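No lab work stands behind these numbers, since they all come straight from the coordinates. Please read these numbers as outputs of a predicted model, since none were measured by experiment. Note: ideal-geometry Cβ built from the backbone for every residue, glycine included; neighbour counts use all protein chains shown.
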Amino acid sequence: MNELPLHGLTVLEFSQYLSGPSAGLRLADLGARVIKIERPETGDACRRLSIKNLWVDGDSLLFHTINRNKESFTANLKSPEDMAVIRRLIARADVLTHNFRPGVMEAAGLGYPTVQALNPKMIYGAISGYGNTGPWKSLPGQDLLLQSISGLAYTTGNGTDNPMPFGLSIADSLCGAQLVQGILAALVRRGKTGQGALIEISMLESLLDFQFEFLTTYHTSGQLPRRSELSNGNPLLSAPYGIYATTDGHLAIAMVNIPQLARAIGSELLAAYDQEQAFSHRDEIKGVLSRHLAAQSTVYWLERLHAEDMWAMEVLDWKRLTAHEGYKILEMEQPVTTVRGKSLLTTRCPIRIDGQRLFSAKPAPSLGQDNERIVMELLK
């Protein structure tokens, strides 16, 4: 492959945990040089945030997954000597990102006006939890808390369940991806005009955007979405949308016509309903369908549904998924060898460019491993 699209671009990542570093990971995978600016001795707090209590080379496995393909430069932002080096880095960089609470970077002397004065062409990307103003601005921008306050916890689970969060850090991932979008848009404009930019995004705004269907529906109807009492897949969608148990597993059925579904699975009880009742009688229909599907295996039902070109798939866990040819052909696995020689397997960048998958075996950096080399570059 020719040079990656962002080759030659330098990103200074004053970010920790997930949202900012996930943006840095994507920029790095697209060819940018990403330098993590970390605290001496402790570094990015994500180094101590373990997932499933898994550790590699003294850092959390999570840190390794989200910070591969980067460099590490330690600096004490309260030290005049270290800040002098940081200012020189800023003068030479293209992009700066941070995900601190509002006011933290300003207090450190690295707010946007100061950085812009040092480098007018800088693309400055800032992530917050709830925005820079308002009663929530200083609250912790943590994923579970954002899911809860944004209403997202009322989209998952069934109608009688308590509010239920997603089983992953969706706010962090979405916010990081949207920061990348803003940065790339600003880089395109800078290529035309030479103008830098301040890109601001909050995790709350990312989750509100994620729920645009729900919020639009609420504003239009004045009614809150109601989850199905069973097999809820999406509160806005009619039966049969959801997941159903079979004799040996589970089956996901998406948007399909009720009479056609009744014929495909041979259910006289389901045939009593027409498509106009798919929402008004949603729970009744799902109950009939649930009892019928529980009598046969997943493969048995899939053969009948796929024969009618109906939207249904088996529900897989990760063990069965990764053993499947449909997964293997994607080549989504990215082997990485850490700086201390340990091997781990993670995911690659999902983007393909000119038909080529993007792999990078460069591991996450040890704390401050690139200080000497970066200082030498600055002194050239």
Hull-based mean projected area of the stretch 242-321, where the convex hull spans the alpha carbons, in square nanometres: 5.0
Listed residue pairs exceeding 19 Å between alpha carbons, taken from Lys70/Lys380; Lys286/Lys319; Lys78/Lys380; Lys78/Lys137; Lys70/Lys342: Lys70/Lys380; Lys286/Lys319; Lys78/Lys380; Lys78/Lys137
Percent of beta bridges antiparallel (DSSP, the chain, rounded to nearest 5): 45
Debye, to nearest 20: dipole size of the stretch 73-113, +1 on Lys, Arg Cβ, -1 on Asp, Glu Cβ: 0
Packing rank of 233-245, 328-340, 27-39, where each peptide gets the mean count of other beta carbons within 10 Å, highest leading: 27-39, 233-245, 328-340
Residue-span extension gain [Lys137 to Arg88] - 0.36 nm each, minus C-alpha spacing: 14.6 nm
Cβ-based exposure ranking for Phe63, Phe14, Phe359, in which fewest neighbours within 10 Å come first: Phe359, Phe14, Phe63
In range of the label at Leu144: residues from the stretch 53-89 whose backbone nitrogen is under 18 Å from the point 7 Å along Cα→Cβ: 53-54, 62
Dipole in debye (nearest 20) - the chain, about Cα centre, beta carbon charges: Lys, Arg +1; Asp, Glu -1: 1200
Dipole of the stretch 1-40, positive end: most advanced residue of Leu4, Ala28, Tyr17 [Cβ charges, Cα centre]: Tyr17
Selected from Ala294, Trp311, Met255, residue furthest toward positive end of dipole (the stretch 242-321; charges at beta carbon): Ala294
Label-point gap, in nm, between Gln116 and Arg263 - each point 7 angstrom along Cα→Cβ: 6.4
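Under the Kirkwood approximation applied to all pairs of distinct alpha-carbon atoms, what is the hydrodynamic radius of the stretch 44-96 in Å?
Details: mean 1/r = 0.0767 Å⁻¹.
About 13.0 Å, per the Kirkwood formula over Cα pairs.
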Label-point separation, Arg340 to Thr193 (7 Å along Cα→Cβ), nm: 4.9
Dipole axis of the chain (+1 Lys, Arg; -1 Asp, Glu on Cβ), positive-most option in Pro140, Thr216, Leu96: Leu96
